[in-house]
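> Structure in structure tokens, see below.
Readers should treat all values here as calculations from the given coordinates under stated rules, not as data from a laboratory. These figures come from a predicted structure and were not determined experimentally. Positions of Cβ are generated from backbone atoms using ideal geometry, with glycine treated the same way; all protein chains shown enter the neighbour counts.
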Amino acid sequence: MSPVPNNPHELAALCGERLPLPHRLDLEPVFAAPWQAQAFALTVHLHSQGLFTWPEWADALSHQIQTDPTPTDPNHDDGSAYYTHWLNALEQLILSKQLGTPNQIHALEHAWQAAAERTPHGKPIELGPGQLGQLLDR
């Protein structure tokens, strides 16, 4: 079992330095928003379950970045563009490995949005097991 990376730089090392990294200043935090850290953690968790290798992940993310027609200005991007690529790459990897369907991903996205809207500020967003089961049956 490979070591669990704590940040994108450690993950890049596990990917044989093939993983593109976000543009950022060394003094800035690695994640500009909680959703970016959550996307990173979800990817690490799915890898730890054996669903893909780090080289597969590096290839998926690289492909997503290379095929995006929208250029990003590293001087005006807080990392959101990079982590949007990250989420899109994860979605494509899940679909290509038939770990989920587009309908399941779409339903999960909306369920999380609804959970976020009903969650008081400062409280963790929770999606209960019953809600997850309903989504996965679609």
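> Given points 7 Å out from each Cα along the Cα-Cβ axis, report the Leu42 to His110 separation in nanometres with one decimal.
1.7 nm
> On to the next question. Can you compute the modelled spin-label distance between Glu10 and Ser96, with each label point 7 Å from Cα toward Cβ, in nm?
Taking the two extended label points, one gets 2.6 nm.
> Highest mean first, how do 51-62, 98-109 rank when packing is the count of other Cβ atoms within 10 Å averaged over residues?
Output ranking for 51-62, 98-109: 51-62, 98-109.
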